[in-house]
């Protein structure tokens, strides 16, 4: 199972790159519902990958690691016009580094846990699986924004 999860996690890189290629001309189109633009979705994915990288490493090196929470909406407005290419490059570089680490871990390491802000315990393997679904959800959000 871990190979499938890690393969899916790795394939998110191609999905983000494909999304960016298809919607490159409509990244900053404001969605009718007032939500994030496609560019903001990409910036969020880069921010989330920073968080994932730290959390995964802390889970590997600390007992009883508790995730710190962060406000994604506050992060989104730090700079509204973040360059999509920079967001993609950041996400891709971090994700490749995370994949490299994941592929080297033993099953016992993938089973290490951390505590989410809601108090739920989660294994590294389940966390990366959840974060892969997170990428897909925000790409869908970006598609809706870019298409208007």
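Brief remarks on what is shown
- Using alpha-carbon coordinates, inclination of helix 38-61 to the longest axis of the chain, degrees: 10
- Tilt relative to the chain, helix 124-147 - C-alpha long axis, 0 to 90 degrees, to 10: 0
- Two numbers describe the Cα atoms of the range 87-148: Rg and Dmax, which are 14.4, 45 Å.
- Residue-averaged 222 nm ellipticity for the chain, from DSSP H runs of 4+ at -39500 (n - 2.57), nearest 500: -22500 deg cm²/dmol
- Normalised by the number of residues in the chain, the average gap of Cα pairs under 8 Å and 6 or more apart makes the relative contact order 44 percent.
- Whole-number D in µm² s⁻¹ for the range 2-147, Kirkwood Cα-pair radius fed into Stokes-Einstein, 4 °C, 1.567 mPa s: 82
- Degrees between helix 2-22 axis and first principal axis of the chain (Cα, 0 to 90, nearest 10): 10
Readers should treat all values here as calculations from the given coordinates under stated rules, not as data from a laboratory. Bear in mind the structure is a predicted one, so any value in this text is a computation, not a measurement.
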